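Only one structure is covered here, and it is reproduced in the block below.
The values are calculated or read from the model by the stated rules, or taken from the named source; none is laboratory data. All figures in this text were calculated on a predicted structure; none of them were measured in a lab. Glycine also receives a Cβ, built like all others from the backbone with ideal geometry; neighbour counts cover every protein chain displayed. Note: areas computed on protein heavy atoms with side chains; ligands, DNA, RNA excluded. Shrake-Rupley method; radii C 1.70, N 1.55, O 1.52, S 1.80 Å.
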Amino acid sequence: MTPDFDHSLNVYAELLVKVGLNLRAGQRLLIRAPLEAAPLVRAVAAHAYDGGARLVETIWNDPQFTLTRYKHAPRDSFTEHSDWWWRAGLEYVENGNATLSIVGTDPDLLKDIDPKLISTARRTEGMAAMPLGRLITADAVNWCVAGYATEAWAARVFPDLPADQQLPRLWEAIFHTVRVDQPDPLAAWAAHSANLIARTQYLNGKQYTALHFTGPGTDLVIGLPDNHHWIGGPAPTAIGITNTANVPTEEVFTAPHRARVNGTVRATMPLNYGGNLIENFSLTFRDGRVVDLSAERGEALLRSQIETDEGAAMLGEVALVPHSSPIAQTGILFYNTLFDENAASHVALGRAYRNCISGCENLSDEEFATFGGNSSATHLDFMIGSAEIDVDGVNADGTREPLMRRGEWTLSLSG
Ligand code: ZN
Ligand code: ZN
């Protein structure tokens, strides 16, 4: 690629090490990445070692290899998995080391595959990875998820562009959303982080008992547990390092009360479900549980996702993102949750982040549930925000405050 691209990729790598991971001298780093992302992985490793990392290792994946399994492996073999894959992550996390995941899946990779196989494989992997997932969602160590533009992904995002312009265009968009195109990206992140933290402090002080989302196809009340805690931007980990787990990130989020969600919500964006799209879908909740759902595409996938376990049919996250977010303003539908969830308010079915309810970090699943926290093998984000959605904060005495109107914060705060 061009010298400009190489420079931007290097700045991006530096940002992932210094802001995303805030990697400390003496730590090890485990990276999971697609083969195509090798140039970024190498640059991240260089910055990590320059910052004092002792060891950087990578577990590579290859989407075409994944597809080969779906096409050729025995149909009854998708309940099988090997433990080393997750134990590698556990070894890192249990020893206070960092992990980085790089994503860039073709949203249509698995479009011709039987949805039953996909959901069986996802359920199997989700169950196997649960001990690791639990530690990660308790922010046991510094971890980060970031994107890498791949050819197939770029082709899906920009189908109308000539083939040779798709990948550069997606890179341009990614570099914009992660502020690599700003004169001083690290300073831009410091200012952005301060804004997100100011927003969480405001919301933490409010301690609303519920949020009420209204808009076309949506009338949803999401109860919030006592002592819920909003997180946005840099957050502390159990080992004392503060890091930014998603790059990009524009959201502030907390845990819903698992049993106090009522009403109907319509998704405002398609959802890339591990290489298959779920589109134009709606869910109805009663006392926290999904009691009805419909989808124009991918309904079987959504149903099987919800049947994964008890917590998979309940919410574990509610996140607020203004429509003026730089990602929403690109007007690009990324078909990738890391990017799309930072363009719109969203919720997640499944596991809640333990540190979203004060004092719950080390509780068992059963104890966590008594505080309203949800546990599951899965965590599936989907977007419910747009320029047509209003959000009210509901106080304990039933009075309401407008929090967002037509997708924007009613109150501007600065950090
Ligand atoms: Zn989120
Ligand atoms: Zn989430």
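Counting just the residues of the stretch 245-272 that are polar (S, T, N, Q) and in contact with a strand residue (DSSP E or B) (Cβ under 7 Å, 6 or more places away or on another chain), which one comes out nearest to Ala25 (Cα to Cα)? If you could, list the steps in order and put the result at the bottom.
Let us first name the residues in the stretch 245-272 that are polar (S, T, N, Q), namely 246, 249, 254, 262, 264, 268, 272.
Still in the running and in contact with a strand residue (DSSP E or B) (Cβ under 7 Å, 6 or more places away or on another chain): 246, 254, 262, 264, 268.
Working: Asn246: 21, Thr254: 31, Asn262: 47, Thr264: 48, Thr268: 42 Å.
The selected residue is Asn246.
Here is a yes/no grid of residues against (1) touching a residue at least 40 places away in the same chain (Cβ under 8 Å); (2) farther than 29 Å from Gln329 by Cβ; (3) surrounded by fewer than 24 Cβ atoms within 10 Å (Cβ to Cβ):
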residue: Gly205; (1), (2), (3): no, no, yes
residue: Asp219; (1), (2), (3): yes, no, yes
residue: Gly232; (1), (2), (3): no, no, no
residue: Ala235; (1), (2), (3): yes, no, yes
residue: Thr244; (1), (2), (3): yes, no, no
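Could you run through the stretch 246-269 and say how many residues are of a type in the set (Gly, Ala, Ser), open to solvent by less than 10 Å² (accessible area, probe 1.4 Å) and more than 15 Å from ligand 2 (Cβ to nearest atom)?
Taking the stretch 246-269 and keeping what is of a type in the set (Gly, Ala, Ser), we get 255, 259, 263, 267.
Okay, now just the ones that are also open to solvent by less than 10 Å² (accessible area, probe 1.4 Å), so 255.
Remaining after also requiring more than 15 Å from ligand 2 (Cβ to nearest atom): none.
Qualifying residue count for the region: 0.
Determine, yes or no, whether Ala300 is away from ligand 2 (no atom under 16 Å from the Cβ), open to solvent by 10 Å² or more (accessible area, probe 1.4 Å), in a helix (DSSP H, G or I) and farther than 24 Å from Val391 by Cα.
Numbers: away from ligand 2 (no atom under 16 Å from the Cβ): yes; open to solvent by 10 Å² or more (accessible area, probe 1.4 Å): yes; in a helix (DSSP H, G or I): yes; farther than 24 Å from Val391 by Cα: yes.
Here the answer is yes, as Ala300 does meet what is asked.
Is there a residue in the stretch 50-62 that is open to solvent by less than 40 Å² (accessible area, probe 1.4 Å), under 27 Å from Gly274 (Cβ atoms), in a strand (DSSP E or B) and of a type outside the set (Phe, Trp, Tyr)? Full working, then the answer.
First pass over the stretch 50-62, keeping only residues open to solvent by less than 40 Å² (accessible area, probe 1.4 Å): 52-53, 56, 59.
With under 27 Å from Gly274 (Cβ atoms) added as a condition, the list becomes 56, 59.
With the extra rule that they be in a strand (DSSP E or B), the set shrinks to 56, 59.
Of the ones still in play, those that are also of a type outside the set (Phe, Trp, Tyr) are 56, 59.
Yes, the stretch 50-62 contains a residue that is open to solvent by less than 40 Å² (accessible area, probe 1.4 Å), under 27 Å from Gly274 (Cβ atoms), in a strand (DSSP E or B) and of a type outside the set (Phe, Trp, Tyr).
For the condition in a strand (DSSP E or B) and free of Cβ contacts under 8 Å to residues at least 12 places away in the same chain, what is the one hit in Val291, Val318?
Val291
Looking only at the stretch 67-111, which residues are at pLDDT 95 or above, open to solvent by less than 80 Å² (accessible area, probe 1.4 Å), under 30 Å from Gly298 (Cβ atoms) and in a helix (DSSP H, G or I)?
Once the filter is applied, which keeps residues that are at pLDDT 95 or above, open to solvent by less than 80 Å² (accessible area, probe 1.4 Å), under 30 Å from Gly298 (Cβ atoms) and in a helix (DSSP H, G or I), the stretch 67-111 yields Leu67, Thr68, Tyr70, Gly89.
Name the single residue, out of those in the stretch 303-315 being of a type in the set (D, E, K, R) and assigned to a loop (DSSP other than H, G, I, E, B), that is nearest to ligand 2 (Cβ to nearest atom). Let's see the steps before the verdict.
Step one: list which residues in the stretch 303-315 are of a type in the set (D, E, K, R), which gives 303, 307, 309-310.
Checking which are assigned to a loop (DSSP other than H, G, I, E, B) leaves us with 307, 309.
Values: Glu307: 20, Asp309: 17 Å.
The qualifying residue nearest to ligand 2 (Cβ to nearest atom) is Asp309.
If the requirement is being closer than 22 Å to Asn10 by Cβ and either open to solvent by less than 60 Å² (accessible area, probe 1.4 Å) or modelled with pLDDT of 95 or more (or both), which of these qualifies: Val157, Val141, Val180? First the steps, then the outcome.
Numbers: Val157 fails: closer than 22 Å to Asn10 by Cβ; Val141 fails: closer than 22 Å to Asn10 by Cβ.
Selected residue: Val180, the only one of Val157, Val141, Val180 that is closer than 22 Å to Asn10 by Cβ and either open to solvent by less than 60 Å² (accessible area, probe 1.4 Å) or modelled with pLDDT of 95 or more (or both).
If you take the residues in the stretch 319-343 that are more than 10 Å from ligand 1 (Cβ to nearest atom) and under 12 Å from the mean Cα position of the chain (by Cα), which one is farthest from Tyr273 (Cα to Cα)? Before you say what the answer is, go through the steps one by one.
At the first step, the residues of the stretch 319-343 found to be more than 10 Å from ligand 1 (Cβ to nearest atom) are 322-336, 339-340, 343.
Narrowing the set further to residues that are under 12 Å from the mean Cα position of the chain (by Cα) leaves 336, 339-340, 343.
Working: Asn336: 9, Phe339: 14, Asp340: 13, Ala343: 17 Å.
The extreme case among them is Ala343.
Run down Tyr202, Tyr208 and say which single residue is outside any helix (DSSP H, G or I) and at pLDDT 95 or above. I'd like the intermediate steps shown before the answer.
Values: Tyr202 fails: outside any helix (DSSP H, G or I).
Tyr208 is the lone residue from the list that is outside any helix (DSSP H, G or I) and at pLDDT 95 or above.
Taking the stretch 34-87, which residues are of a type in the set (Ser, Thr, Tyr), over 30 Å from Asn22 (Cβ atoms) and over 24 Å from the mean Cα position of the chain (by Cα)?
Just the residues of the stretch 34-87 that are of a type in the set (Ser, Thr, Tyr), to begin with: 49, 58, 66, 68, 70, 77, 79, 82.
The next check asks that each one be over 30 Å from Asn22 (Cβ atoms); those that pass are 66, 68, 70, 77, 79, 82.
Residues satisfying the conditions are Thr68, Tyr70, Ser77, Thr79, Ser82.
Which pairs do you get when a residue that is over 17 Å from Val391 (Cα atoms) and assigned to a loop (DSSP other than H, G, I, E, B), found in the stretch 247-260, comes within reach of a residue that is among the aromatic types (Phe, Trp, Tyr) and away from ligand 2 (no atom under 14 Å from the Cβ), reach meaning Cβ atoms under 6 angstrom, with the pair 6+ apart or on two chains?
none
Quick check: is even one residue across the stretch 386-397 modelled with pLDDT of 95 or more, in contact with a Ser or Thr (Cβ under 9 Å, 6 or more places away or on another chain), in a strand (DSSP E or B) and within 16 Å of ligand 1 (Cβ to nearest atom)?
The answer is yes; a qualifying residue exists.
Mind checking which pairs have a first residue in the stretch 327-351 that is touching a residue at least 60 places away in the same chain (Cβ under 8 Å) and in a helix (DSSP H, G or I) and a second that is open to solvent by less than 10 Å² (accessible area, probe 1.4 Å) and near ligand 1 (Cβ under 9 Å from one of its atoms), Cβ under 7 Å, 6 or more apart or different chains?
Note: pairs meeting the criteria are Ile327/Asn342.
What pairs can you find where one residue is in the stretch 358-385 and open to solvent by 40 Å² or more (accessible area, probe 1.4 Å), the other is β-branched (Val, Ile, Thr) and away from ligand 2 (no atom under 13 Å from the Cβ), and their Cβ atoms are less than 8 Å apart, with a gap of 6+ or different chains?
Every condition considered, the pairs that remain are Phe371/Ile357.
List pairs: first in the stretch 92-118 and in contact (Cβ under 8 Å) with a residue 40 or more places away in the chain, second crowded, with 19+ Cβ neighbours inside 10 Å and of a type in the set (Phe, Trp, Tyr), Cβ under 6 Å, 6+ apart or cross-chain?
Qualifying pairs under 6 Å: Thr99/Tyr92; Thr99/Trp143; Ile102/Tyr148; Gly104/Tyr148; Gly104/Trp153; Asp106/Trp153; Pro107/Tyr335; Leu117/Phe78.
Here are some residues: Arg28, Arg32, Arg69. Which one is among the basic types (Lys, Arg) and without any contact (Cβ under 8 Å) to a residue 12 or more places away in the chain?
On the way: Arg28 fails: without any contact (Cβ under 8 Å) to a residue 12 or more places away in the chain; Arg32 fails: without any contact (Cβ under 8 Å) to a residue 12 or more places away in the chain.
Result of the check over Arg28, Arg32, Arg69: Arg69.
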